[in-house]
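Student: Okay, handing you the structure first.
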Amino acid sequence: MRTEENIALENAEELIEETLEKYDKYVNPGFARLMRFLGTTLEVKTEGVYMYDARGKRYLDFLSGHAVYNLGFAHPKVIKAVEEQLKLIPQTSVRTMLNKPMADLCEKLAKITPGNLTYSFLCNSGTEAVEGALKLARMATGKTQIIATQNGFHGKSMGSLSASGRPQYKEVFEPLVPDFLHVPFGDISAMAAVVTGETAAIILEPIQGEGGVICPPDGYLRDVRRLCDDKDILLILDEIQTGLGRTGKMFGCDHEDIAPDIMTLAKALGGGVMPIGAFIATPEVFAPFEENPLIHSSTFGGNPLACAAAIAAIDAIIEEDLPAQAAQKGEYLLSKLKDIQAKYPDLIMDIRGKGLTIGVEFADEGYVGSTIYTLQDRGILALHMLNNPKVIRLQPPLIIGYDQIDFFLEAFAHSAEINKSLLT
Ligand code: PLP
């Protein structure tokens, strides 16, 4: 393992300033101001569960790039697969000849996903996967209405934003795609009440991620599945954040032994090395895309480099039994955090989650900022949630060690003590 000293760059301060100036001039001055205010630094190297900045400081990753780094940074099996593919054929001719890595990955996805999910469409990000799933649902049913959940998050392009449930991110872009309805997450009666003959699909996350790690009541996913079956509605499960081991099972829906008609994946699918997204559907639902295979397409979707990364990532997740590791480590982390919460009842309102996706809800947004600051100071990366600023998300890589979890717990307890002194 590298030491902090030999990573530090001699001209670190110069490089940080130069990069900030480019952010200011060419990226986004508002973002540059925010980064300056946060006293940000420059990332230069990632390895395993650690990120190193230009000053040579090492950070333990407790964020996983929002559930991208289930395998940690630069997992050797994924890097090797991408390097080998790079030497062979990095990009395809784009649909003039057969693409073996794409076919291999689609086969693998059919094998690891639950139920009869069979056909995959590969794209480059989460929001694209959701767009495709919504288009397929409308085409397969000939209906238009989509029921989604309040506070849900599905991405920021027009269709996925229409499905997302936080008005603050949507209002300035209206009118969005029509015929989306939002009901409270976890409330099956509210959902059943808005179903009409025009309902094409229900879309939701098995656990709301950006909404603040909200776990629905036990049996909710099964109830939603039953409602869809009774009313002939498609169920789209957005597993972009919960999929591939994160919650302690391979998929979030495995906790209730149900399968959707369409599943979306992205984030961890690229093994933390390549960007890739996918939606996977049953043969009946996929039929319209079979009839018209060019109705939905993507230039870079299914490119061999991303597919090689995804195949290696899935193999590593299975070989290292990361879902089980996430379950065990998650239980340990959750119980230790609850011990800390018991000492600071006015400060920490709730600790919740499944596997290694855990939300810590504070009494006030201000404590979130100060906790993140203290953790960063101690060399730990963590962030709040996009749709719930009172919550810090804890999503360490699934390969994290118990000693590293203990290192985090010690820093978290220290930050709680600092917050308590702010309270009094
Ligand atoms: N769906 C869920 C559940 C997500 O958490 C996210 C991103 O955080 C997305 C969709 C959008 O993915 P992307 O940022 O790759 O477009």
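The values are calculated or read from the model by the stated rules, or taken from the named source; none is laboratory data. Bear in mind that the values here come from a model prediction, so they are computed numbers and not experimental data. Please note: Cβ atoms are built from the backbone with ideal geometry, for glycine as well, and neighbour counts cover all protein chains shown. The accessibility values were calculated without ligands, DNA or RNA, using every heavy atom of the protein model including side chains. Shrake-Rupley method; radii C 1.70, N 1.55, O 1.52, S 1.80 Å.
Student: Figure the gain on full extension for residue 198 and residue 96 (residue separation times 0.36 nm, minus the Cα-Cα span) and round it to one decimal in nm. List each step's numbers first, then the result.
Tutor: Values: separation 102, 0.36 × 102 = 36.72 nm, distance 3.85 nm.
Additional length available on full extension: 32.9 nm.
Student: Still on this structure: Given points 7 Å out from each Cα along the Cα-Cβ axis, report the residue 144 to residue 319 separation in nanometres with one decimal.
Tutor: About 5.0 nm, to one decimal.
Student: At 222 nm, what helix-only mean residue ellipticity would the chain give, in deg cm²/dmol to the nearest 500, using -39500 (n - 2.57) for each DSSP H run of four or more? Each step should come with its number before you reach the end.
Tutor: Working: 14 runs with 173 residues, N = 424.
Dividing the helical sum by the residues of the chain leaves -13000 deg cm²/dmol.
Student: Tell me the volume per residue, in Å³, of the convex hull enclosing the alpha carbons of the chain.
Tutor: Numbers: hull volume 66.1 nm³, N = 424.
Output value, Cα hull per residue: 156 Å³.
Student: For region 99-319, give me the percentage of DSSP beta bridges that are antiparallel, rounded to the nearest 5 percent. Please report the intermediate quantities before stating the final value.
Tutor: On the way: 10 of 24 bridges.
Of the beta bridges lying entirely in region 99-319, close to 40 percent run antiparallel.
Student: How far apart, in nm, are the 7 Å Cα→Cβ label points at residue 86 and residue 28?
Tutor: Result: 2.8 nm between the two label points.
Student: Taking 0.36 nm per residue of separation and subtracting the Cα-Cα distance, what length does fully extending residue 410 through residue 377 add? Can you show the working numbers first?
Tutor: Details: separation 33, 0.36 × 33 = 11.88 nm, distance 1.30 nm.
Between residue 410 and residue 377, full extension yields an extra 10.6 nm.
Student: Positive end of the charge dipole of region 99-179 (Lys, Arg +1 and Asp, Glu -1 on Cβ, about the Cα centre): tell me which of 163, 125, 140 has its Cα farthest that way.
Tutor: 140
Student: Could you work out the equivalent-ellipsoid semi-axes for region 92-153, taking the square root of 5 times each eigenvalue of the Cα gyration tensor, largest first, in whole Å? Please report the intermediate quantities before stating the final value.
Tutor: Numbers: eigenvalues 133, 44, 34 Å².
Rounded to whole Å, the semi-axes are 26, 15, 13.
Student: Which order do peptides 7-17, 269-279, 250-260, 295-305 fall in by mean Cβ count within 10 Å, highest first?
Tutor: Descending packing order for the listed peptides: 269-279, 250-260, 295-305, 7-17.
Student: Compute the separation of the alpha-carbon centres of region 122-148 and region 350-424 and state it in Å as a whole number.
Tutor: Cα centroid of region 122-148 versus Cα centroid of region 350-424: 34 Å apart.
Student: Quick one: if the Förster radius is 30 Å, what FRET efficiency do residue 172 and residue 364 give, using the C-beta to C-beta distance and rounding to 0.05?
Tutor: That gives a FRET efficiency of 0.65.
Student: While we're on this one: Say each of residue 222 and residue 47 gets a label point 7 Å from the Cα, pointing the same way as Cα to Cβ; how far apart are those two points in nm?
Tutor: Result: 4.8 nm between the two label points.
Student: Could you work out how far the C-alpha centroid of region 1-69 sits from that of region 153-197, in angstrom?
Tutor: Using only Cα atoms to place each centre, the spacing works out to 35 Å.
Student: When the Kirkwood radius is taken over all Cα pairs of region 52-160, what Stokes-Einstein diffusion coefficient follows at 20 °C and 1.002 mPa s, in µm²/s? Write down the numbers at each step before the final one.
Tutor: Values: Rh = 17.8 Å.
This corresponds to a translational diffusion coefficient of 120 µm²/s.
Student: Could you tell me the relative contact order of region 166-259? Use alpha-carbon pairs under 8 Å, at least six residues apart, and round to a whole percent. Kindly include the intermediate steps, with their values, before the conclusion.
Tutor: Details: 85 pairs, mean separation 24.4, N = 94.
Answer for region 166-259 is 26 percent.
Student: Quick one: pull the percent of accessible area on the chain belonging to carbon and sulfur, 1.4 Å probe, ligands and nucleic acids left out.
Tutor: Looking at the chain in its full context, I get 55 percent from C and S.
Student: Mind pulling the per residue volume of the convex hull built on the Cα atoms of region 99-319? Å³ is fine. Please list the in-between numbers first.
Tutor: Values: hull volume 25.6 nm³, N = 221.
Enclosed volume per residue, from the Cα hull, is 116 Å³.
Student: Also: In sequence order, what are the phi-derived ³J(HN,Hα) couplings for region 123-138 according to the Karplus relation 6.51 cos²θ - 1.76 cosθ + 1.60 with θ = phi - 60°, rounded to whole Hz, with x for glycine and proline?
Tutor: 9, 10, 7, x, 5, 5, 4, 5, 3, x, 4, 5, 4, 4, 4, 5
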